[in-house]
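*Asks:* Structure in C-alpha cells, see below.
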Amino acid sequence: MSDERTTARRAGEGDILAELEAEVAHELEEQRPPAGGPTYQVVAALVTLAVGLVGAVLAQGYGLGSLSRPGPGLWPMVVSVVIVVLSLALLLVGRGLDDSERFSRASVLPLVGVATFIALAFLIPTLGFELPALGLCVVWLRFLGGESWRSTIVVSLGTVAAFYALFLYGLRIPLPHLF
C-alpha cells in the first residue's frame, strides 16, 4: 500500500514540476524581445568586426614585441584577432541563424558601457585613477546594472580600493593617482 502512495505522490510531483516548468517557459517567452532575424546577425558581426580591426590597428601602434619580450600591444592584438575571427565566422554562419533579438532601448546599454570605459581612459591621466574608476563603477552598477545605492556604494568603494592596492602596491604599476 505504501508503494502505491509513494508512486502516486511522485507522479503528482512530476505533474506539478512539469506545470511549473511550462509556466516559467511561457513567462520567459513573453518577456523575450522580438526576434531580429539574419539581418541583425550580420549587423552585429559587422560592428564587432570593425571593433576588432580598430583594436588591431591600435595594438600595432603600441608595439607587439616578441613572445619572449612582449610589448604593450601584444595581448590587445591577440584579443583583437580573436574578435575579428569570431566576427568573420558570424558573418559566414549568421545569415542562417534566427536566434538574434531586435535592437531595443536595452541595446544602447553596451554602448553606454563602452563610452564610460573610453571616458575612464581619457580621465585617468588628468584626474588620477581613483575618481574616474569610482565613477565608472557607479555608472555600471547603478545605472546600467540597476543595483541599489547601498550595494553600488559598497561595491564601488571596495573595487576601487582593491584595484588601487593591486596596481600600486601589489604590481607596482605607476598609475596616476590622487593620494
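*Asks:* Quick check on segment 103-136: of everything there that is without any contact (Cβ under 8 Å) to a residue 60 or more places away in the chain and part of a loop (DSSP other than H, G, I, E, B), which residue is most open to solvent (accessible area, probe 1.4 Å)? It would help to see each step written out before you state the result.
*Replies:* Filtering segment 103-136 down to residues without any contact (Cβ under 8 Å) to a residue 60 or more places away in the chain leaves 105, 107-136.
Of the ones still in play, those that are also part of a loop (DSSP other than H, G, I, E, B) are 128-129.
Details: Gly128: 5, Phe129: 21 Å².
The residue in question is Phe129.
*Asks:* Please state which of the following conditions Glu147 fails to meet, knowing it meets all the rest: (1) in contact (Cβ under 8 Å) with a residue 24 or more places away in the chain; (2) in a loop (DSSP other than H, G, I, E, B); (3) over 28 Å from Pro38 (Cβ atoms).
*Replies:* Among (1) in contact (Cβ under 8 Å) with a residue 24 or more places away in the chain; (2) in a loop (DSSP other than H, G, I, E, B); (3) over 28 Å from Pro38 (Cβ atoms), Glu147 violates only (1).
*Asks:* If we keep just the residues of segment 145-177 that are under 11 Å from Phe129 (Cβ atoms) and over 25 Å from the mean Cα position of the chain (by Cα), which is surrounded by the fewest Cβ atoms within 10 Å (Cβ to Cβ)?
*Replies:* It comes out as Pro174.
*Asks:* Quick check: anything in segment 27-35 more than 30 Å from His177 (Cα to Cα), open to solvent by less than 90 Å² (accessible area, probe 1.4 Å), touching a strand residue (DSSP E or B) at 6+ places or on another chain (Cβ under 7 Å) and of a type in the set (Asp, Glu)?
*Replies:* Scanning segment 27-35, I find no residue that is more than 30 Å from His177 (Cα to Cα), open to solvent by less than 90 Å² (accessible area, probe 1.4 Å), touching a strand residue (DSSP E or B) at 6+ places or on another chain (Cβ under 7 Å) and of a type in the set (Asp, Glu), so the answer is no.
*Asks:* Could you say which residue among Val54, Val24 is open to solvent by 60 Å² or more (accessible area, probe 1.4 Å) and at pLDDT 90 or above? Before the answer, list the steps.
*Replies:* Details: Val24 fails: at pLDDT 90 or above.
Checking each option against the conditions leaves just Val54.
*Asks:* When the residues of segment 83-97 are filtered to those that are at pLDDT below 85 and open to solvent by 50 Å² or more (accessible area, probe 1.4 Å), which remaining residue is nearest to Val138 (Cα to Cα)? Break it down into steps so the answer makes sense when it comes.
*Replies:* Of all residues in segment 83-97, those at pLDDT below 85 come to 94-97.
The next check asks that each one be open to solvent by 50 Å² or more (accessible area, probe 1.4 Å); those that pass are 95-97.
Values: Arg95: 38, Gly96: 39, Leu97: 36 Å.
Among those residues, the one meeting the criterion is Leu97.
*Asks:* Any idea which of Ser100, Ser80 is open to solvent by less than 50 Å² (accessible area, probe 1.4 Å), in contact with a helix residue (DSSP H, G or I) (Cβ under 8 Å, 6 or more places away or on another chain) and at pLDDT 85 or above?
*Replies:* On the way: Ser100 fails: at pLDDT 85 or above.
The match here is Ser80.
The values are calculated or read from the model by the stated rules, or taken from the named source; none is laboratory data. Computed from a prediction, not measured in an experiment: that's the story for all the values here. Note that we place each Cβ from the backbone using ideal geometry, even for glycine, and neighbour counts take in every protein chain shown. Each accessible area value is taken on the protein alone, full model and side chains, heavy atoms only, with ligands, DNA and RNA left out. Shrake-Rupley method; radii C 1.70, N 1.55, O 1.52, S 1.80 Å.
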